[in-house]
Ligand SMILES: Nc1ncnc2c1ncn2[C@@H]1O[C@H](COP(=O)(O)OP(=O)(O)OP(=O)(O)O)[C@@H](O)[C@H]1O
Ligand SMILES: [Mg+2]
């Protein structure tokens with residue numbers, strides 16, 4: 001005898017079997033894709049006759065040297081790298097605030113049009129690599145740190161404004177109503193009901209972005225936009241492997257320091 | 001229930017014009033059915049009007065129409081003779097300064113200090129530049145301190161609002177409304193987030209302050225016992241209409257059963 005429970009159970013079983021079959025098919029598809037891309041771009045595209053144990057060993061051996069003489073000359077660009085990251089983050093924040101205002105659906109000034117504009121600016125900023133911006137600004141303002149700062153700050157707008165806009169969209173509307181009910185104007189509502197609520201997100205995202213900008217600024221010099229990257233570039237073009245190692249170690253040190261500093265800052269803020 | 005022992009000031013004396021007069025108020029939210037279907041009543045200067053009614057009856061909507069946090073689609077809301085619904089945004093903001101509001105969820109700014117929260121009640125009287133730097137006037141600060149002291153919060157003045165208990169936070173909310181020096185208090189379920197003992201304390205606080213400063217009160221309240229205890233007059237809403245409107249002392253079980261359709265009591 002088949003009661004309603006049995007009928008239901010049969011239906012559930014069938015549904016589960018179908019979804020299992022589908023996920024197996026899906027996994028097989030992924031595996032095929034991975035194998036095909038390995039064959040197409042790695043196996044077929046590499047000059048395997050060039051790679052021997054000896055050649056790899058020789059290349060790695062060169063990197064075991066370390067050029068101590070270079071160290072004093074690297075201190076100034078190292079400092080410049082950190083300062084570039086800091087200035088770029090602050091400038092990025094300054095530029096991100098109006099973009100976040102446009103791109104937050106609930107407070108966007110003219111509604112749909114400005115919202116789309118804000119979101120568009122965010123995507124634009126995030127989708128163009130800082131090295132590309134770097135090339136643009138080196139052409140525009142010349143070699144040096146300024147080009148790097150401008151490039152990185154444009155890149156920072158995207159992340160900061162996206163985080164802040166989303167925080168604005170998530171604010172508790174209670175305080176907003178309270179400020180309006182007390183006769184507050186638009187600016188006062190923004191200042192008292194919204195800013196305090198999004199402040200933790202603002203601080204959190206500029207700390208995160210500073211950390212990222214420290215990494216970015218270590219290589220901005222590769223396109224002539226200031227910082228340690230320029231030193232790295234010089235060592236690379238003169239095949240001075242010991243020098244390359246020295247620069248890379250300094251970069252590593254800066255990034256570690258940045259990591260520690262941003263962790264400390266995050267703990268202090270949140 | 002005897003109706004003769006009422007100390008409620010009812011009916012209001014004809015010499016005294018009502019502070020608030022609501023005429024044929026209708027509201028529908030976007031593309032929905034009417035939530036308020038023609039509400040009319042007047043509130044005198046010394047009244048504490050408790051609005052009761054089951055969930056969804058339209059109590060919050062009604063109260064929020066008075067200061068136009070909700071835009072009515074039809075009717076008149078006369079506050080001291082001025083029709084709130086005809087004000088442009090600048091005049092509306094000026095008129096809102098004279099109407100204090102107390103909320104169920106307190107609606108404090110959690111990350112701001114207790115005293116700054118109270119001072120936001122003065123935003124309507126504070127210039128934009130001053131408010132940017134939180135430069136409130138000395139007399140406002142004195143008033144805030146006095147109110148907080150009155151509500152037993154003197155030692156919490158500089159604490160962040162989110163460090164207070166529910167009852168304490170609602171007191172901050174009440175102080176914020178009172179510092180406006182309002183001519184009317186709108187109160188939306190002030191006790192729903194509080195336990196019964198604190199609820200009565202908070203209601204007493206609102207009533208006593210309203211009496212002392214002679215502010216009429218329009219107060220939504222789920223709890224019928226609290227409505228009867230603190231209200232001088234009770235308005236029952238059901239399905240967006242006024243089902244009854246009577247001095248608190250005249251409300252009896254039969255009326256209440258009618259209003260709640262036997263489902264709540
Ligand atoms: N912002 C809104 N948009 C659409 N409909 C709404 C909105 N606010 C309230 N409503 C509807 O209006 C009706 C009345 O709601 P209202 O909040 O005024 O009732 P209430 O009496 O305060 O109820 P409660 O006791 O639950 O607070 C409800 O049917 C509700 O769903
Ligand atoms: Mg309500």
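Return the average number of partner chain Cβ atoms within 10 angstrom of each residue Cβ along peptide B:115-124.
Taking all residues of B:115-124 together, the mean is 4.
A straight line joining the Cα centroids of the range A:128-149 and the range A:1-31 runs 56 Å. Going from the residue with the fewest nearby Cβ atoms within 10 Å to the one with the most, B:244, A:22 rank A:22, B:244.
Compared with the alpha-carbon gap, the fully stretched path from residue A:43 to residue A:249 is longer by 70.9 nm at 0.36 nm per residue.
Taking other Cβ atoms within 10 Å as a rough exposure proxy, A:129, B:156, A:233 sort from fewest to most as A:129, A:233, B:156. Note on residue A:5 and residue A:140: with the Förster distance fixed at 45 Å, the Cβ-Cβ geometry gives a FRET efficiency of about 0.05. Against the main long axis of the alpha-carbon atoms of chain B, helix B:166-178 sits at an angle near 90°. Dividing the Cα radius of gyration of the protein assembly as shown by 2.2 N^0.38 Å, with N the residue count, gives 1.39. If you wrap the range A:4-48 in the convex hull of its Cα atoms and look at it from every side, the mean projected area works out to 3.0 nm². Principal-axis analysis of the Cα atoms of chain B puts helix B:138-150 at an angle of about 60° to the longest axis. Taking the C-alpha atoms only, the angle from helix B:196-212 to the longest principal axis of chain B is near 80 degrees. Remark: mean inter-chain Cβ contacts per residue of B:58-70 equal 1, using a 10 Å Cβ-Cβ cutoff to other protein chain atoms. Its relative contact order, with pairs defined as Cα atoms under 8 Å and 6+ residues apart, puts chain B at 29 percent. Averaged over peptide A:171-178, the number of partner chain Cβ atoms lying within 10 Å of each residue's Cβ comes to 6.
Cβ crowding within 10 Å ranks A:33, B:92, A:154 as A:33, B:92, A:154, fewest other Cβ atoms first. Which distance in nm do the two modelled labels at residue A:56 and residue B:74 give, with both placed 7 Å along the Cα-to-Cβ direction? Simple spin-label model gives 8.3 nm for this pair. The range B:167-182 and the range B:11-84 have Cα centres lying 22 Å from one another.
Using a cutoff of 8 angstrom between alpha carbon atoms and counting only pairs six or more residues apart, the relative contact order for the range B:123-221 works out to 25 percent.
P(r) tail, chain B: Cα-Cα pairs separated by more than 23 Å, 53% of all pairs. Available extension along the chain between residue A:86 and residue A:190 is 34.7 nm, counting 0.36 nm per residue and deducting the alpha carbon span.
Where a number appears in this text, it was derived from the coordinates with a stated rule and is not lab data. The shown structure was predicted, so the numbers you read here are calculated from the model rather than taken from an experiment. Counting neighbours? That spans all protein chains shown, and the Cβs are built from the backbone with ideal geometry, glycine included.
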